[in-house]
Amino acid sequence: MAFMSSLLPWRRDRELGARDPFFAFREDMDRLFEGLWQGFESEGFFALKAEKAGAWTPGVALSETESEVRVDADLPGLGEKDFEVVLEGDLLTLKGEKRAEHEASRGETRHVVERAYGRFERAIKLPCEVDAERVTANYKNGVLRVTLPKVEAASTVRRIEVRSS
């Protein structure tokens with residue numbers, strides 16, 4: 001059986017220290033799709049600014065009711081001091097850093113690491129005008145909820161009294 005695996009070029013290359021061709025293909029595809037969205041950071045509801053390819057990005061949900069806009073962001077493993085929330089006009093920005101919790105100890109062999117770490121910045125374009133003075137943010141169980149009350153719209157119907165001159 002060992003003989004059969006040595007015939008597979010990607011397996012043999014990996015044993016010799018070369019990169020897995022499937023991993024290289026995935027990296028190339030990631031770069032391609034990241035390049036497609038450059039220049040569109042302020043367009044649409046969600047915009048992502050990442051410092052490097054493969055950076056960790058929190059998942060976000062945006063919802064709206066008659067009276068408010070709500071943004072929920074998944075920030076597992078972060079403390080309240082690890083991120084900040086900034087509202088500037090119609091753009092809500094979440095930024096911070098998720099640090100590695102575990103350093104490899106001496107003699108430890110790690111077989112699989114699927115956890116992502118790093119700096120993140122997530123900008124969300126709001127669908128309407130909000131009252132910046134009444135915005136609230138709560139963080140519980142790894143979920144940040146930002147509640148943004150809508151600005152009460154002035155009545156567009158106005159009765160105009162006509163006077164005789």
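Listed here are the residues, each with its yes/no results for (1) in contact with a Lys or Arg (Cβ under 7 Å, 6 or more places away or on another chain); (2) surrounded by 12 or more Cβ atoms within 10 Å (Cβ to Cβ); (3) touching a residue at least 24 places away in the same chain (Cβ under 8 Å).
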position	(1), (2), (3)
P76	no, no, yes
F83	yes, yes, yes
V86	no, no, no
L91	yes, yes, yes
T109	no, no, no
V113	no, no, no
F120	yes, yes, yes
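Kindly list, by first and then second residue, each pair from a residue in region 131-159 that is on the phi < 0 side of the Ramachandran plot and part of a loop (DSSP other than H, G, I, E, B) to a residue that is of a type in the set (S, T, N, Q) and at pLDDT 95 or above, limited to pairs with Cβ atoms under 8 Å and residues at least 6 apart or on different chains.
Listed by first residue and then by second, the contacts come to V135/T147.
The values are calculated or read from the model by the stated rules, or taken from the named source; none is laboratory data. Since the structure is predicted, the reported quantities are computational estimates derived from the model, not experimental observations. As a convention, Cβ positions derive from the backbone with ideal geometry for all residues, glycine included, and neighbour counts pool all protein chains shown.
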